[in-house]
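Reviewing the structure listed below.
The values are calculated or read from the model by the stated rules, or taken from the named source; none is laboratory data. What you see is a predicted model; the values in this text were computed from it and never measured. Glycine also receives a Cβ, built like all others from the backbone with ideal geometry; neighbour counts cover every protein chain displayed.
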Amino acid sequence: MSERRDDGAAAMVLREGAMRPAQTAVAYDRIAGHWDCPAFDGSDGIAQHERALRFLARPGTALDIGCGSSGRIMGLLLSRGFVAEGLDLSQEMLRRARKHHPAQRFYHADVCEWTFPTRYDFISAWDSLWHVPLHQQLQVLHKICDGLVPGGVLIFTTGGVEQADEVTNPCFGEPLYHAAPGIPALLRTLDAAGCACRHLEYDQHPANHVFVIAQRRSALDRPEA
């Protein structure tokens, strides 16, 4: 479920608390086709991922969390020699993703409850982590960091706010919940999870769309006792 609102609708805000991940998945089931069509800009997020990949010396294993329906991020990873897997809670998103990449492994799961089967060299959570309920989001971010090998790289998006906030906005006629813990809390969580922030950018300024590149510290990065 890694697709963001792109319909130009008025930003009506409904502050009614968090949607459960299963509700978000059902909403994405209904609108998955909007990102799996010729009109969708398949370059969305690709330059940011290319920047993140430069922090790795070589390809390895990769996971696309909230992989969505377009298959574009997995396509990039495969083109760079990664062994890539995808995860999404929307069954329709996964059906379409499998159509694009039938040979790859996909997991139908809620990242809040999912147990990582292994550690990865690269993890993407592009426009997906912010659908996690606010009260769980930092815990899930920590878990994702734990899913990296030493030196592994994570790229994800968040809302560029200072304080925690949550909203529900319409997207192609469906309500979609978004939450952000705030940049200071996010950076503290990365550090506590053993990751260094390598890059943070408001890539759609003045919109509060932020992408973050983090890297799990290796033994060489840790100061001697």
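Residue check, F106 against (1) more than 17 Å from the chain's Cα centre (by Cα); (2) without any contact (Cβ under 8 Å) to a residue 40 or more places away in the chain, all met but one. Which one?
(1)
So which residues in the range 170-202 are at pLDDT below 95 and surrounded by fewer than 22 Cβ atoms within 10 Å (Cβ to Cβ)?
Once the filter is applied, which keeps residues that are at pLDDT below 95 and surrounded by fewer than 22 Cβ atoms within 10 Å (Cβ to Cβ), the range 170-202 yields P170, C171, F172, G173, E174, P175.
Within the range 150-166, can you find the residues that are hydrophobic (A, V, I, L, M, F, W, C) and under 20 Å from V111 (Cα atoms)?
Passing the criteria: V153, L154, I155, F156.
Pairs needed: first member in the range 61-85, within 20 Å of W35 (Cα to Cα); second member anywhere, outside any helix (DSSP H, G or I) and among the basic types (K, R); C-beta distance under 8 Å; at least 6 residues apart or different chains.
Taking only residues 6 or more apart or on different chains, the pairs are E85/R105.
Search the range 197-225 for residues that are under 13 Å from G151 (Cβ atoms) and pair each with any residue that is at pLDDT below 95 when their beta-carbon atoms are under 9 Å apart and the residues are at least 6 apart or on different chains.
Every condition considered, the pairs that remain are Q215/D221.
Regarding the range 25-46, can at least one residue be identified that is crowded, with 16+ Cβ neighbours inside 10 Å and modelled with pLDDT of 95 or more?
Scanning the range 25-46 turns up no residue that is crowded, with 16+ Cβ neighbours inside 10 Å and modelled with pLDDT of 95 or more.
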